[in-house]
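One structure below.
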Amino acid sequence: FQTPVQIKEFGAVNKIDFSPVPPYNYAVTASSRIHIYGRYSQEPIKTFSRFKDAAYCATYRDDGNLLVAGSEEGSLRLFDISGKAPLRQFDGHTKAAHVVGFLSDKYRIFSGGDDYSSILWDIPTATEIVSYSEHTDYVRCGCASKVNADVFITGSYDHTVKLFDARTKSSVMTIEHGQPVESVLLFPSGGLLVSAGGRYVKIWDVLKGGQLLVSLKNHHKTVTCLCLNSSGQRLLSGSLDRHVKIYSTTSYKVVHSFNYATSILSLALSPEDETIVVGMTNGVLNVKHRKLEERKEKPRKKRQPAYRTYVKGRTYMPKQDDFCVSKPVKRVLRKYDKLLKSFHSSKALDAVLEPPIRLYTPEVTVAVMQELHRRGTLRSALAGRDEKQINLLLTFVARRVIEPRFTPILVTVADMITDIYQPVVGQSAIVDRQFLRLQEAIGKEIDYQEELLEVLGMMDTLFATFTKKKATCLEENKSNGLTEAIETNTS
C-alpha cells in the first residue's frame with residue numbers, strides 16, 4: 001500500500017462502510033455527523049448532520065441508494081444518498097441505538113440498542129415488525145445474512161451472540177463468546193460466523209449448531225472491529241492495541257499486520273480490495289491505497305548480428321568424408337490441434353468456425369467435427385451455445401451439407417443440432433430462419449438425388465440393352481463359324 005492519507009474528523013470514528021456499487025464511496029460515522037467520502041477525496045463530498053447527539057453505524061443498502069444510521073437518542077434515520085433530509089425515522093428504542101443494518105431483501109431494517117432490545121422494522125411503513133428482548137446487556141454489534149433474507153445476528157456485552165429469524169418470535173441460536181462482544185461477521189456463504197470480544201476472535205460453524213472451530217488470540221487488547229476481503233480469503237481485525245491483523249481464512253494464521261498511531265475503533269476494506277480505511281479513537285481517519293503495478297521497463301533489444309553472419313557458410317560444399325547433421329524441424333501445432341490435444345472440445349470447434357478456416361478450408365472444420373464425433377464429445381461441444389453461435393453453425397451446415405465429401409458427418413451434426421435446440425425453436429427469428437434454410441437445402445438435395453436415381457435407372461436399362469445386342473452378334477459369328485467348319489469337313 002501507498003503512504004497513508006490522514007483525515008481529521010470531529011470525534012471518534014465508530015463506523016466506516018463502503019458503498020457496494022461504483023465509484024465505491026464510503027460513509028464515515030463520527031460524532032453527530034455522517035460524512036461521505038470519494039475514494040480519493042480528502043474532503044467529504046456529502047454530509048448528513050440531522051442528529052441532535054451522536055450518530056452510530058451508518059450502513060449502505062446493497063444497491064448503494066439508501067443509508068441508515070442509529071443515534072444516541074434511540075431513533076433510526078433513513079437517508080437517500082442523493083438527498084439531505086431523512087426519508088424515514090424509526091422510533092422504538094428507549095436508549096442509544098448502536099447497531100443498524102439492512103436485511104438482504106432491502107425492505108427491512110434490523111437494529112439493536114442499549115435498552116437490550118433488537119428490533120426488526122418495515123421500511124415502507126416505518127413501523128416495527130417484531131421486537132426481541134433476549135439480551136441482558138447492551139447490544140453493540142450485528143450483521144445480516146446475505147443468503148437468507150430473514151436471518152440477522154446481534155452481539156451483546158452479555159457475552160452472547162444471538163441468531164434471529166424474522167419468522168419466529170425468539171432467537172433460534174445462542175452462542176457464548178465468553179467476553180463482551182464488540183463485532184460480529186458472517187461469511188458470504190452464511191455457514192461461518194466470526195465474533196470478536198476481549199482479546200479473542202472466534203470462528204463458529206452455524207450449520208453445526210454454533211460449534212467453535214477456532215479461537216484466535218493475537219491481540220494484546222480488546223478487538224473492536226472485523227472485516228473480510230472481497231474473495232473471503234483474508235480476515236482483518238482491528239484492536240485497541242493499535243494493530244490490524246490479517247489472517248488467512250484457510251489456516252487462520254496471521255499473514256500480515258499493520259501498526260497505527262492510536263487505538264482502532266473501526267475498519268473497512270473497499271469491494272475491490274484497493275483501499276483500506278481505519279478509524280481511530282482520536283478522530284483520525286487513516287486511508288491507504290494499493291500501489292499501482294509498476295510497468296516493467298522493456299529490456300533493450302540486443303544488437304542483431306550483421307548480414308554476413310547469416311550468409312556465412314551458405315556456399316560451403318560438403319566433402320566426400322564429411323558427415324552432415326540435419327537440424328530437426330520443430331513441429332508447430334495449430335490452435336485447434338492444441339485444443340484437441342488438451343480435450344477442450346467446445347473451444348476446438350469454436351477455433352475451426354473462425355472465418356479464415358470456415359470459408360477457405362472447410363475440410364479442416366469438418367475434420368475436427370469428425371474427430372469430436374469419433375471421441376464421443378461432439379454433442380457436448382455443440383450444446384450450450386448462444387444465438388450467434390447457433391446461427392454460425394447452421395449457416396455452415398446448410399451451405400456444406402450438399403457436398404458429397406462432407407455429407408456423412410454434416411448430416412450427423414445437423415441431426416444433433418436439431419435434437420439439442422428443438423426446445424428453443426420459436427424464440428429467435430434468426431435461428432428459425434437458419435433451420436428453414438437447412439430444411440430447404442436438404443429438400444433440394446433429396447430432389448436432386450431422386451432425379452439422379454431416375455437417370456441412373458434409365459442408363460442401366462440402356463446398358464443392359466447394349467449388352468444383349470453384343471452377345472447376339474457373337475453368337476451369330478460362332479454359329480456361322482461352326483456351319484462353315486461342318487461344310488468344310490463334309491466336303
Wholly within the range 8-109, strands (runs of 3 or more DSSP E) carrying at least 2 residues that are in contact (Cβ under 8 Å) with a residue 12 or more places away in the chain and aliphatic (A, V, I, L, M)
13-18, 26-30, 33-37, 55-60, 66-71, 76-80, 97-102
Odd one out for TYR37 among (1) in contact with a Lys or Arg (Cβ under 8 Å, 6 or more places away or on another chain); (2) open to solvent by less than 30 Å² (accessible area, probe 1.4 Å); (3) within 24 Å of LYS291 (Cβ to Cβ)
(1)
Does any residue in the range 216-237 that is on the phi > 0 side of the Ramachandran plot come within less than 9 Å, Cβ to Cβ, of a residue that is among the hydrophobic types (A, V, I, L, M, F, W, C) and in a loop (DSSP other than H, G, I, E, B) six or more places away or on a different chain, and which pairs are these?
GLY232/PHE187
Pairing a residue in the range 356-368 that is under 12 Å from VAL413 (Cβ atoms) with any residue that is in a helix (DSSP H, G or I) and open to solvent by 70 Å² or more (accessible area, probe 1.4 Å), where Cβ atoms lie under 8 Å and the two sit 6 or more apart in sequence or on different chains, gives none
Somewhere in the range 247-260, is a residue under 22 Å from SER41 (Cα atoms) and at pLDDT 85 or above?
yes
Selection from the range 96-134 of residues that are open to solvent by 20 Å² or more (accessible area, probe 1.4 Å) and among the polar types (S, T, N, Q):
SER104, THR125, THR127, SER131, SER133
May I ask you to list the residues in the range 380-409 that are part of a loop (DSSP other than H, G, I, E, B), within 17 Å of PRO423 (Cα to Cα) and open to solvent by less than 60 Å² (accessible area, probe 1.4 Å)?
ALA383, ARG385
What are the residue pairs meeting all of these: first residue in the range 253-275, first residue of a type in the set (Ser, Thr, Tyr), second residue in a loop (DSSP other than H, G, I, E, B) and open to solvent by less than 50 Å² (accessible area, probe 1.4 Å), Cβ atoms under 8 Å, and 6 or more apart or on different chains?
SER263/ASP241; SER270/TYR24; SER270/ARG39; THR275/TYR24; THR275/ARG39
Go through the range 232-250 and give me each residue that's closer than 10 Å to ILE264 by Cβ and assigned to a loop (DSSP other than H, G, I, E, B).
LEU240, ASP241, ARG242
Which of the residues belonging to the range 414-454 are open to solvent by less than 80 Å² (accessible area, probe 1.4 Å), in a helix (DSSP H, G or I) and touching a residue at least 40 places away in the same chain (Cβ under 8 Å)?
ILE420, ILE430, VAL431, GLN434, PHE435, LEU438, ALA441, ILE442, GLU445
Counting only residues that are open to solvent by less than 80 Å² (accessible area, probe 1.4 Å) and in a helix (DSSP H, G or I), how many does the range 370-379 have?
3
Of the numbered conditions (1) open to solvent by less than 20 Å² (accessible area, probe 1.4 Å); (2) over 33 Å from the mean Cα position of the chain (by Cα); (3) more than 30 Å from THR3 (Cβ to Cβ), LEU193 satisfies every one except a single condition; which is it?
(2)
Could you list, in sequence order, all residues of the range 374-394 that are in contact (Cβ under 8 Å) with a residue 40 or more places away in the chain and either of a type outside the set (Lys, Arg) or within 14 Å of ALA441 (Cβ to Cβ) (or both)?
GLU387, ILE390, ASN391, LEU393, LEU394
Take the range 140-177 and flag every residue that is over 19 Å from LYS106 (Cα atoms), at pLDDT 90 or above, surrounded by fewer than 23 Cβ atoms within 10 Å (Cβ to Cβ) and charged (D, E, K, R).
ASP158, GLU176
Sole exception among (1) over 30 Å from SER428 (Cα atoms); (2) surrounded by 10 or more Cβ atoms within 10 Å (Cβ to Cβ) for LEU359, by number:
(1)
How many residues of the range 278-302 are in a loop (DSSP other than H, G, I, E, B), over 32 Å from the mean Cα position of the chain (by Cα) and modelled with pLDDT of 75 or more? The answer is 3
Please go through the range 104-136 and pick out each residue that is among the aliphatic types (A, V, I, L, M) and in contact with a Ser or Thr (Cβ under 8 Å, 6 or more places away or on another chain).
ILE119, LEU120
Among the residues in the range 229-238, are any surrounded by 14 or more Cβ atoms within 10 Å (Cβ to Cβ) and within 17 Å of PRO180 (Cα to Cα)?
yes
Selected residue (only one of TYR252, TYR247 is closer than 22 Å to VAL184 by Cα and open to solvent by 30 Å² or more (accessible area, probe 1.4 Å)):
TYR252
Would you call SER270 touching a Ser or Thr at 6+ places or on another chain (Cβ under 6 Å), in the same structural domain as ALA27 (by the TED database) and of a type in the set (S, T, N, Q)?
no
Could you say whether any residue in the range 190-201 is more than 22 Å from ASP137 (Cβ to Cβ) and of a type in the set (D, E, K, R)?
no
Among the listed residues ASP91, ASP80, ASP137, which satisfies the condition of being modelled with pLDDT of 90 or more, closer than 24 Å to THR222 by Cα and surrounded by fewer than 19 Cβ atoms within 10 Å (Cβ to Cβ)?
ASP137
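The values are calculated or read from the model by the stated rules, or taken from the named source; none is laboratory data. Because the structure is a prediction, the values reported are computed rather than measured. Don't worry about glycine lacking a Cβ; one is built from the backbone with ideal geometry, like all the others, and counts go over all protein chains shown. Keep in mind that these areas ignore ligands, DNA and RNA; they rest on the heavy atoms of the full protein, side chains included. Shrake-Rupley method; radii C 1.70, N 1.55, O 1.52, S 1.80 Å.
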